[in-house]
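The values are calculated or read from the model by the stated rules, or taken from the named source; none is laboratory data. As the structure is a computational prediction, the values presented were derived from the model and not from experiment. Every residue, glycine among them, receives a Cβ derived from its backbone with ideal geometry; neighbour counts consider all protein chains shown. All accessible areas refer to the heavy atoms of the entire protein, side chains included, with ligands and DNA or RNA removed. Shrake-Rupley method; radii C 1.70, N 1.55, O 1.52, S 1.80 Å.
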Amino acid sequence: MNELRLPSDGPLSWAAELPFYQAGLAGYSDYAMRMVARKHGCPYCITEAMLDHFLINGGKGLEVAELREDDHPICGQLMGSHADEIAAGAKILDGLGYDVIDVNIACPQKKIKRKSRGGHLLSVPDEAIEILKAVADAVEGSRPLTVKMRRAFDDSNEALDGFHKIFQAAIELGYSGVTVHGRTVEQKYIGPSTWESLRKIVDEYGHEHVRHAATKHQKFMIGGSGDIWQTSDIFAMIEQTGVDVVSVARGCIGNPWIFEQARAMAQRKKGGGQGVGDKQGGDAPRIYEQRDVLLEHFELSMQLYGEQQAARMMRKFGIRFSRHHPEGEQIKAAFIKVKGLDAWQGVLDEFYAVDGVGVGVDAAVPDEARTQVSEESCGS
Ligand SMILES: Cc1cc2nc3c(=O)[nH]c(=O)nc-3n(C[C@H](O)[C@H](O)[C@H](O)COP(=O)(O)O)c2cc1C
């Protein structure tokens with residue numbers, strides 16, 4: 001039997017060389033964040049979950065889905081409750097030129113109008129499968145499809161059965177892969193992501209091929225998510241669980257350097273010696289590098305939202321970025337007050353005017369990583 005392989009061409013071909021990507025992160029992973037990530041070596045990005053009816057209704061909901069030419073390869077993530085609506089949403093993303101479409105069966109946000117969506121579909125597997133089928137039928141093999149799931153709805157045996165039923169349906173319906181977040185929906189963010197559950201999934205489905213691929217040699221791609229805070233976590237997850245790719249989520253907010261380092265580490269592991277972005281003398285982003293990224297991110301955000309809204313958006317990024325600076329606490333306090341570009345530039349002039357070594361990516365891990373509590377809204 002021929003060995004299964006990850007795709008060597010097409011929008012998922014990055015996975016074989018660079019086994020990581022930027023996750024969907026509601027309220028963060030917009031064009032600006034994606035471009036900053038790409039410039040630091042991130043090979044693939046996912047949008048935040050977009051509600052199907054927002055896309056269908058047009059206006060602002062559709063505007064946020066529109067793509068720019070330099071934002072590829074890109075996966076558009078869909079979330080919805082009704083087969084006909086999510087099918088219409090998938091057609092819209094298809095028409096907008098998304099390279100891959102992902103279906104969200106993971107978001108723990110409460111149900112709306114008693115109808116399940118996101119992670120709540122895990123508790124009603126037949127409805128989840130109907131949703132997956134509707135998207136597959138709508139797209140008719142024109143582009144790869146993937147799914148984001150949590151490891152189960154809760155810790156019951158029934159919930160685990162439901163997970164497997166949906167996972168198997170994704171394979172049978174011709175999906176190219178699934179990324180699993182190793183927490184249950186009920187768990188939200190309390191307690192760790194159970195990597196052991198990912199290993200079991202790999203044991204069970206790691207030898208599946210993609211049903212819609214041109215050959216039977218394309219491997220059904222399994223991704224892992226949860227508790228990826230530093231570069232070493234990406235490779236530890238791969239080693240411990242056998243997943244093909246790792247989704248970087250909270251760990252890349254205000255920390256695009258994680259991609260630069262992951263790329264360098266991937267190249268080193270392949271025996272390529274010093275890789276792109278592999279810095280001499282440690283991993284800490286230098287102060288000038290930080291300053292340049294902070295300004296670029298703000299300007300990109302301003303292109304999207306205008307100055308005031310960009311300032312609101314960038315304050316939360318600033319809090320995370322500040323952790324890479326030795327005077328992080330003071331800078332955080334300064335970023336929180338920013339209301340526009342001048343004030344943002346003012347913080348940069350005050351704290352980032354002299355170059356020097358920053359705080360390393362690993363040391364800059366946020367408190368959230370230890371407290372393991374986080375809010376996820378999955379709004380669009
Ligand atoms: C603020 C926030 C928003 C999120 N939004 C999405 C989303 O829109 N789509 C999605 O698939 N996952 C979303 N997630 C989940 C992450 O992609 C990821 O699976 C989760 O945070 C676990 O990974 P981590 O522990 O490494 O952060 C979100 C998480 C957070 C914290």
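Give the residues of the range 318-327 that are in a helix (DSSP H, G or I) and either acidic (Asp, Glu) or open to solvent by less than 10 Å² (accessible area, probe 1.4 Å) (or both), sorted by residue number.
Across the range 318-327, the qualifying residues are 318, 321, 322, 324.
Hey, could you check the range 148-180 for residues that are within 15 Å of residue 199 (Cα to Cα) and either open to solvent by 10 Å² or more (accessible area, probe 1.4 Å) or among the hydroxyl-bearing types (Ser, Thr, Tyr) (or both) and say which is nearest to the ligand (Cβ to nearest atom)?
For the range 148-180, the residue satisfying everything is 179.
How many residues does the range 90-121 hold that are in a helix (DSSP H, G or I) and out of contact with any helix residue (DSSP H, G or I) (no Cβ under 6 Å at 6 or more places or on another chain)?
Total meeting the criteria: 6.
Among the numbered conditions (1) within 12 Å of the ligand (Cβ to nearest atom); (2) open to solvent by 40 Å² or more (accessible area, probe 1.4 Å), tell me where residue 189 comes up short.
All conditions pass for residue 189, except number (2).
Of the conditions (1) surrounded by fewer than 19 Cβ atoms within 10 Å (Cβ to Cβ); (2) basic (Lys, Arg); (3) within 14 Å of the chain's Cα centre (by Cα), residue 5 clears all except one; give me its number.
Every condition holds for residue 5 apart from (3).
Output the number of residues of the range 8-53 satisfying the condition of being away from the ligand (no atom under 13 Å from the Cβ), among the aromatic types (Phe, Trp, Tyr) and crowded, with 20+ Cβ neighbours inside 10 Å.
Of the residues in that region, 2 qualify.
If you take the residues of the range 275-316 that are small (Gly, Ala, Ser) and at pLDDT below 95, which of them is nearest to the chain's Cα centre (by Cα)?
The extreme case among them is 277.
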